[in-house]
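Here the structure comes first, spelled out in structure tokens, and everything after it is commentary.
The values are calculated or read from the model by the stated rules, or taken from the named source; none is laboratory data. Keep in mind that what you see is a predicted model, and the values were worked out from it rather than measured. With ideal geometry, Cβ positions are generated from the backbone for all residues, glycine too; neighbour counts draw on all protein chains shown.
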Amino acid sequence: MTQNKTERNTPDFQSLCDIALSVAEQAGDAIQAYKAKHEITVLKKTTGTSEASQVLTEADRQAQEIIINGLKKSISEFDLGLLSEESTDDESRLRKEYFWCIDPLDGTLPFIQGHPGYAVSIALVRRDGTPIIGVVRDPVQKVSYHAILEKGAFRNGLAWQTDNLIKDKTFDLYIDTGFRKYDFCKEVISASEEFLYKNGFKNIRITQDKGAVLNAIGILESPDGGYFKFPKKTDGCGSLWDFAATACIANELGFSPIGFNNKPLALNNPETTFMNKNGAIYSNFKPFSEFVLEYFQKRK
């Protein structure tokens, strides 16, 4: 029996995930090869208001080209939209049932500075903002993470188990590099530490040199951790491509990242690709998410 067009064009999420994993690894290898052979020249963009949102390198461009070329067939075959950090938003994400959401090199600042903390991030997002597929490649550690909605999360192809992590009373607090420039940074960290000590943690380990993608992954790799980006009036707080893949993976590991409206992250806002309206909170220790929400409300 001949398949009709609707059946033929229904996305096979496993196949799409396999494609995304392959191109993410290729892009990661290209980033590492570029880093080994070239002096990194920093270019500037006009998007956002933070340094992280405005820097660009040739490695970003090369990684994007590899990813888009690798996804091109799936875009045509399944009529998918496309949103990528290094391209203009054509708003196909608002017209198509699903769209690829790409950050070819998240963590450009640590990449430029010559230390780990950068990653490739690819997600497939439904038009309503639900992340369906999430793929992250750490090119330094050569580790791939992925998840498919209701199919679980995986680390290097193996089912990712977090219930066997040893609770050692250490809390991993992840802070964006740019967060340190704010006057209230020390105040927020101090308040967070006080809250965590009161909740039985003996050690708070602070990481401040990674991009948003590996900050989120770091939480998933640790027994207890937290990462947040406060809402702000100006464009920023990351963009859809900074959170779509890791939100999918986190969802499959049993906890949902939320915004400061206490709802799951809105991953397809018609008004903007930026997350500054509601910010973002990732934590596998729910009381910490509640503390951050309450703390922000008090200091508004």
Practice problem: Kindly list, by first and then second residue, each pair from a residue in segment 10-34 that is in the same structural domain as Asp138 (by TED's automatic domain parsing) to a residue that is surrounded by fewer than 16 Cβ atoms within 10 Å (Cβ to Cβ) and at pLDDT below 95, limited to pairs with Cβ atoms under 7 Å and residues at least 6 apart or on different chains. | Solution: Tyr34/Glu58
Self-check item: Checking Tyr118 against (1) surrounded by fewer than 17 Cβ atoms within 10 Å (Cβ to Cβ); (2) over 15 Å from Ala250 (Cβ atoms); (3) not assigned by TED's automatic domain parsing to the domain that holds Phe291, the condition it does not meet
Solution: (1)
Exercise. Looking only at segment 142-187, count how many residues are of a type in the set (A, V, I, L, M, F, W, C), surrounded by fewer than 19 Cβ atoms within 10 Å (Cβ to Cβ), in contact (Cβ under 8 Å) with a residue 24 or more places away in the chain and touching a Phe, Trp or Tyr at 6+ places or on another chain (Cβ under 8 Å).
Key: 2
Exercise. Take the residues in segment 5-19 that are in a loop (DSSP other than H, G, I, E, B) and over 15 Å from Leu71 (Cβ atoms), then tell me which one is modelled with the lowest pLDDT.
Key: Asn9
Practice problem: For segment 213-227, indicate whether the set of residues that are on the phi < 0 side of the Ramachandran plot and either in contact with a His (Cβ under 9 Å, 6 or more places away or on another chain) or aromatic (Phe, Trp, Tyr) (or both) is non-empty. | Solution: yes
Practice problem: Among the numbered conditions (1) closer than 22 Å to Ser92 by Cβ; (2) at pLDDT 80 or above; (3) among the charged types (D, E, K, R); (4) surrounded by fewer than 16 Cβ atoms within 10 Å (Cβ to Cβ), tell me where Lys45 comes up short. | Solution: (2)
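Restricting the search to segment 217-242, which residues are in a strand (DSSP E or B) and more than 17 Å from the chain's Cα centre (by Cα)? Explain how you work it out, then say what you get.
In the first step, residues of segment 217-242 are kept if they are in a strand (DSSP E or B); the result is 225-229, 239.
Residues satisfying the conditions do not exist here.
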Practice problem: State all residues of segment 94-114 that are modelled with pLDDT under 95, under 18 Å from Phe243 (Cα atoms) and either of a type in the set (Lys, Arg) or touching a Ser or Thr at 6+ places or on another chain (Cβ under 7 Å) (or both); if no residue qualifies, say none. | Solution: Thr108, Leu109
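Looking only at residues that are aliphatic (A, V, I, L, M) and surrounded by 20 or more Cβ atoms within 10 Å (Cβ to Cβ) in segment 205-225, which one is farthest from Ala159 (Cα to Cα)? Reasoning before the result, please.
Of segment 205-225, the ones aliphatic (A, V, I, L, M) are 206, 212-214, 216-217, 219-220.
Imposing the further condition that a residue be surrounded by 20 or more Cβ atoms within 10 Å (Cβ to Cβ) reduces the set to 212-214, 216-217, 219-220.
Details: Ala212: 23, Val213: 20, Leu214: 19, Ala216: 18, Ile217: 15, Ile219: 17, Leu220: 13 Å.
Step by step, filter segment 205-225, then rank; the result is Ala212.
Within segment 243-255, track down each residue that is part of a loop (DSSP other than H, G, I, E, B) and either at positive phi or at pLDDT 95 or above (or both). Break it down into steps so the answer makes sense when it comes.
First, pick out the residues of segment 243-255 that are part of a loop (DSSP other than H, G, I, E, B): 253-255.
Residues satisfying the conditions are Leu253, Gly254.
If the requirement is being more than 22 Å from Gly152 (Cβ to Cβ), in contact (Cβ under 8 Å) with a residue 40 or more places away in the chain, in the same structural domain as Gly178 (by TED's automatic domain parsing) and within 17 Å of the chain's Cα centre (by Cα), which of these qualifies: Asn251, Asn199, Asn269, Asn284? Talk me through it step by step, then tell me what you get.
On the way: Asn251 fails: more than 22 Å from Gly152 (Cβ to Cβ); Asn199 fails: within 17 Å of the chain's Cα centre (by Cα); Asn284 fails: more than 22 Å from Gly152 (Cβ to Cβ).
After ruling out the rest, the residue left standing is Asn269.
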Quiz item: Any idea which residue in segment 66-96 is farthest from Asp138 (Cα to Cα), counting only those that are of a type in the set (Asp, Glu) and in contact with a helix residue (DSSP H, G or I) (Cβ under 9 Å, 6 or more places away or on another chain)?
Solution: Glu77
Quiz item: Of the numbered conditions (1) crowded, with 20+ Cβ neighbours inside 10 Å; (2) small (Gly, Ala, Ser); (3) more than 18 Å from Leu293 (Cα to Cα), Gly200 satisfies every one except a single condition; which is it?
Solution: (1)
Quiz item: In segment 178-216, what residues are outside any helix (DSSP H, G or I), small (Gly, Ala, Ser) and out of contact with any helix residue (DSSP H, G or I) (no Cβ under 9 Å at 6 or more places or on another chain)?
Solution: Gly200
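Out of Ser192, Ser239, which single residue is under 28 Å from Asp60 (Cα atoms) and either buried (at least 16 other Cβ atoms within 10 Å of the Cβ) or not assigned by TED's automatic domain parsing to the domain that holds Leu293 (or both)? Spell out how you get there, then give the answer.
Numbers: Ser192 fails: under 28 Å from Asp60 (Cα atoms).
Testing whether each residue is under 28 Å from Asp60 (Cα atoms) and either buried (at least 16 other Cβ atoms within 10 Å of the Cβ) or not assigned by TED's automatic domain parsing to the domain that holds Leu293 (or both) leaves just Ser239.
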